[in-house]
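This report concerns only the one structure given below.
The values are calculated or read from the model by the stated rules, or taken from the named source; none is laboratory data. From a predicted model like this one, the values you see are computed outputs, not experimental measurements. With ideal geometry, Cβ positions are generated from the backbone for all residues, glycine too; neighbour counts draw on all protein chains shown.
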Amino acid sequence: MKTRIKELRARYDLTQEDLARKVGVRRETILFIEKGKYNPSLKLAYDIAKALNATIEELFIFDEG
Amino acid sequence: MKDKLGISVGIGITALAIVTILFYIMNAGNLELNEILPLLIVLILIVSTIYILWDRIKNIKKGLPAQDERLKITNYKACYYGFIASIWSAVGAPLISGIFFDYELSGHHVTAAVVLFGGITFMISYIYLAWKGY
C-alpha cells in the first residue's frame with residue numbers, strides 16, 4: 001500500500017511530529033505508515049485523513065496486484 | 001496519567017531489580033560461569049527495560065503518547081514470541097543440557113530457563129519490531 005501522507009504533509013507544512021501530535025500517535029508510527037511498513041487501523045487512517053483535509057481514498061493507494 | 005503511572009511502576013520495579021542484582025553480586029563471592037550466564041541475561045533484561053522506559057519518557061515529554069496502536073500490536077507479537085520461546089525452552093533446556101553437557105537440570109533450573117528465555121525473547125522481539133516497523 002502506498003500513501004500520499006508525505007506529500008500532503010508538505011502541503012500544510014507539517015512535520016511528522018506535528019501530524020503525530022494531531023492524531024495522537026508516536027512519530028515513528030507516522031514514519032512507518034509513510035514508508036508502507038505499517039497499515040494503520042481504520043480509525044487512525046480516518047484521523048490522519050481528517051488532519052490533512054483529505055479522504056482516506058486520497059491518502060492511501062491500494063495496490064490490487 | 002495512566003502512562004505516567006505505568007512508567008513510575010516500571011522505574012520502581014527496575015530499581016528493585018538493580019538493587020537485588022547488586023546485593024547478589026556483592027554477597028556471592030567468586031562467581032562461576034553457570035552463575036554469570038543467568039546474571040548476564042538478567043542484566044540484558046534490565047538494560048532493555050531502561051531503554052523502553054527512556055523511550056516512553058522521551059515521547060511523553062514531547063507531548064506524544066507513550067504507547068499507541070502500533071506499539072500495542074508490537075507488544076502482542078513480542079508476547080507471543082516470548083510465550084513460544086518459554087514453551088520450547090521448557091522442552092529444550094533439559095534436552096540440550098543432557099545431550100551437550102551430560103548434566104541433568106533440576107526443576108528450578110528449568111523454571112529459571114523458561115522465565116529467562118521467555119523474557120529475553122520478548123525484549124529482543126519488542127525492540128526489533130518497534131525499530132523495524134511491524
**Message:** Which pairs turn up if I take residues in the stretch B:42-56 that are in contact (Cβ under 8 Å) with a residue 24 or more places away in the chain and look for partners that are in a helix (DSSP H, G or I) and of a type outside the set (A, V, I, L, M, F, W, C) with beta carbon separation below 6 Å, at least 6 apart in sequence or on another chain?
**Reply:** B:Leu45/B:Gly119; B:Thr49/B:Thr14; B:Leu53/B:Gly10
**Request:** Could you tell me whether A:Ala51 is under 21 Å from B:Thr74 (Cβ atoms), more than 8 Å from chain B (Cβ to nearest Cβ) and touching a helix residue (DSSP H, G or I) at 6+ places or on another chain (Cβ under 7 Å)?
**Result:** no
**Asked** Cβ-Cβ below 7 Å, separation at least six or inter-chain, first residue in the stretch B:95-113 and under 20 Å from B:Ile41 (Cα atoms), second modelled with pLDDT of 85 or more and in a helix (DSSP H, G or I): which pairs?
**Response** B:Leu105/B:Ala93; B:Leu105/B:Pro94; B:Leu105/B:Ser97; B:Val110/B:Ala90; B:Val110/B:Ala93; B:Val110/B:Pro94; B:Ala113/B:Ser89; B:Ala113/B:Ala93
**Message:** Tell me whether the stretch B:77-99 contains one or more residues that are within 14 Å of chain A (Cβ to nearest Cβ), out of contact with any His (no Cβ under 6 Å at 6 or more places or on another chain) and of a type outside the set (Val, Ile, Thr).
**Reply:** yes
**Asked** If you scan the stretch A:18-43, which residues turn out to be of a type outside the set (Lys, Arg) and facing another protein chain (nearest Cβ under 7 Å)?
**Response** A:Ala20, A:Gly24, A:Val25, A:Thr29, A:Phe32, A:Tyr38, A:Ser41
